[in-house]
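All of the numbers you see were taken from the coordinates with simple rules; none came from a lab. Since this is a predicted model, take the numbers as computed values, not measurements. Cβ placement follows ideal geometry from the backbone for every residue including glycine, while neighbour counts extend to all protein chains displayed.
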Amino acid sequence: MNGASAYVHHVATRVASGERLVTEVAMAKNTAVAACDHVVDRAGRSHGGGTTEIMNEIIAKQLGV
């Protein structure tokens, strides 16, 4: 379990036990989103990052731009 998932799990466990943790839940959500952004960015790079730019070049060539 990485840091982000461990933190989210920890906060979720505390909430499930009845604690009111509005700030911690918001922080856990932001932590999870940041971790997801990182993973998606890494996956995009390893599977041909820059494909949007390549597709735009193809479109431009087809439109004669």
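Go through segment 19-33 and give me each residue that's assigned to a helix (DSSP H, G or I), more than 11 Å from the chain's Cα centre (by Cα) and surrounded by 11 or more Cβ atoms within 10 Å (Cβ to Cβ).
E24, V25, A26, M27, A28
Does I54 meet the test of being more than 22 Å from N2 (Cα to Cα) and touching a Gly at 6+ places or on another chain (Cβ under 9 Å)?
Answer is yes for this residue.
Please enumerate the residues belonging to segment 34-49 that are small (G, A, S) and either exposed (fewer than 11 other Cβ atoms within 10 Å of the Cβ) or part of a helix (DSSP H, G or I) (or both).
A34, A35, A43, G44, S46, G48
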